[in-house]
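The values are calculated or read from the model by the stated rules, or taken from the named source; none is laboratory data. Note that the structure is a prediction, hence the values are computed from the model and not measured. Here Cβ is always computed from backbone atoms with ideal geometry, including for glycine, and neighbour counts include all displayed protein chains. Accessible surface areas use protein heavy atoms only, side chains included; no ligands, DNA or RNA. Shrake-Rupley method; radii C 1.70, N 1.55, O 1.52, S 1.80 Å.
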Amino acid sequence: MKEKVLVGMSGGVDSTITTLLLKEEGYEVEGLYMKLHSKPGYHEIHLARAQKAADFVGIKLHVLDLQETFNEKVFKPFIDTYAEGKTPNPCALCNRNLKFGEMIQFADKIGAKYLATGHYIKTDGKFFYMAQDDTKDQSYFLFYVNRDILPRLKFPLGERHKSDIKKIANSIKGLESFASQAESSEICFVETTYTDVLKDYVEVDKVGDVLDQEGNVVGEHKGYMHYTIGKRRGFTVKGAHDPHFVTKIIPEKNQIVVGKREDLACNRVVLENLNMFNDKKEFTTTVKLRYRTKAVECHVKIENDKAYVNLEEGVFGVAVGQAAVFYDEEKLIGGGWIIES
C-alpha cells in the first residue's frame, strides 16, 4: 500500500474517477466533501453523489462544513468587489483559501501525505502546467495556490481528456450515471446570473448616467453592477450608430463610461497580491488577463510587491479585480490581481 492521499470529492464525474484511479494505483485513499456555499438543496444532492462514489470505490468519506469560512473569504469579497465597480474571480480565492488551504490542513489532520482533486492541471511539485486537454485546463484558476504545497498535490486528470473520463465512468457498472451528469457551473453559487445573487445583498437596479469618453452624458443604464468592462448591451447611447462598449465604471456616482472598440484597448496593467512560483524580478513572458483569452507577450517588472506589466499588443476588455496569470509556454510561473489597467 502506498502513502495516504486525501481526495476532494464533489459528487461529479471528475473527482469520482480521480478517486478510482488513485485507489487502483495502490494509494490509501480517503475522500472529503466540503460544504462551501449555502445554496438551498445543493449539498443534499451532491453529498449523496459523493457518498455513492466513495461507497463504490470503498473508501471513507469525510464531510467538512466550511460555509462560514467560504462566506468570509470568498462570497463576501465577491459581493464587495462588484460593489466597488470591479470584476471578481471567486474561484481563484476559493482554490487558495479552501480547496488547497482548509483541505491541506484536513489532510494533515488525518495523516495524508498527498492531496488530490479532479482539476485538469499538471504539476511537477515545483510548478503548475496547463492540462493535456486545453479545453478543460484550469491552471488560470489555480495561480493563487500557495507554492509551498505543490510537492503534495496530485492531479490524475492532468494528462487526460474530459471525453476519456466520461468514457471510463460509462464503462463501469454502477458509475454510468456520473458520465451523464450536467457539468457544474463555472461559479458554483451562481445559478442564473451574478446580478441575481447580488440583489439579495446590495441595490443593483439603480438607473444612472452613461458617459462618453469626454465625460458627456449620452444615455442611461440600469445600475452599474450590471456591467463589466467590455460589455456592449443593456444601456442606451443617444444617436449611436456603431457598437459601444463599457470602458470604465464609476461606482461612487453610479455611472458607466462607454466608447468604441478601440477605446477598450489596454497596453499596461499593474498587479498586487502577487503569487509567484519563481523569484525573478524582471522577465519577458506571456500573460492571460481573463480565463478564456489567449496569452499575450509581455514584459514584467516587480517592485515593492507590485508587478508592472507592459503588453506587446493591446488587449480588449481588461477589468480591475480580475487575475493576470503568467505562463512560460505551458508552465504557470505566477500571477496577481489587476488593480490598474
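Comparing region 246-300 with the 2.2 N^0.38 Å rule of thumb, its C-alpha radius of gyration ratio is 1.49 (two decimals). Spin-label pair D305-A48: with each label point 7 Å from Cα along the Cα-Cβ axis, the two points sit 4.7 nm from one another. The charge dipole of region 288-341, taken about the Cα centre with unit charges on the Cβ atoms of Lys, Arg (+1) and Asp, Glu (-1), comes to about 240 debye, rounded to the nearest 20. In plain terms, if you count all Cα to Cα distances in the chain and split them into 10 Å steps from zero, the share in each step is 5, 23, 30, 24, 13, 4, 1, 0 percent. Charge dipole (Cα centre; +1 on Lys/Arg Cβ, -1 on Asp/Glu Cβ; no other charges) of the chain amounts to roughly 540 debye. Extension gain for K294 to S171 (0.36 nm times residue separation, less C-alpha to C-alpha distance): 40.8 nm.
Evaluate E = 1/(1 + (r/R0)^6) for D205 and K2, where r is the Cβ-Cβ distance and R0 equals 56 Å; express this FRET efficiency to the nearest 0.05. In this case the efficiency is close to 0.50. Here region 1-107 is described by how far its Cα atoms reach on the three principal axes: 51, 28, 20 Å, from widest to narrowest. The lysine pair count for region 240-341, using Cα distances under 25 Å and pairs eight or more places apart or on different chains, is 22.
Think of the chain as a dipole: +1 on every Lys or Arg Cβ, -1 on every Asp or Glu Cβ, centred on the Cα centre; then among A131, I302, V7, V7 lies furthest on the positive end. Here the scattering of region 146-237 is modelled by Debye summation over its C-alpha atoms, one equal scatterer each and no solvent; at q = 0.15, 0.21, 0.25 Å⁻¹ the log10 of I(q)/I(0) is -0.82, -1.07, -1.25.
The overall shape of region 281-341, judged from the alpha-carbon gyration tensor, is rounded, with an a/c ratio under 1.5.
Sequence-ordered 3J(HN,Hα) estimates for region 265-282 from the Karplus curve with 6.51, -1.76 and 1.60 and θ = phi - 60° stand at 4, 10, 10, 8, 10, 10, 10, 10, 6, 6, 9, 9, 9, 9, 10, 5, 9, 8 Hz, glycine and proline given as x. Within region 212-341, the ratio Rg/Rh, alpha carbon atoms throughout and Rh by Kirkwood, equals 1.04. Just the protein heavy atoms count here, and of the accessible area of the chain at 1.4 Å, carbon and sulfur take up 45 percent. The calculated Kirkwood hydrodynamic radius for region 31-83 is 12.4 Å, given to one decimal from all distinct C-alpha pairs.
If contacts are Cα pairs under 8 angstrom and at least 6 residues apart, what is the relative contact order of the chain in percent? Normalised by residue count, the contact order of the chain is 14 percent. Here the dipole of region 1-95 is about 120 debye; that uses its Cα centre as origin and unit charges on the Cβ of Lys and Arg (positive) and Asp and Glu (negative). Its alpha carbons considered, region 98-176 gives a radius of gyration followed by a Dmax of 13.8, 39 Å. Here is how the number arises for the chain: DSSP H runs of 4 or more residues each give -39500 (n - 2.57), the sum is divided by the residue count, and the result at 222 nm is -5500 deg cm²/dmol.
I'd like the distance between the alpha-carbon centres of region 58-86 and region 262-282, rounded to an integer number of Å. If we compute the Cα centre of each part, the gap is 26 Å. State the answer as a single residue: which of I338, I104, C94 lies farthest towards the positive end of the charge dipole of the chain, with beta carbon charges of +1 for Lys and Arg and -1 for Asp and Glu, about the Cα centre. Working it through, the farthest residue towards the positive pole turns out to be I104. Per the Kirkwood formula applied to alpha carbons, region 82-218 shows a radius of gyration over Rh ratio, Rg over Rh, of 1.10.
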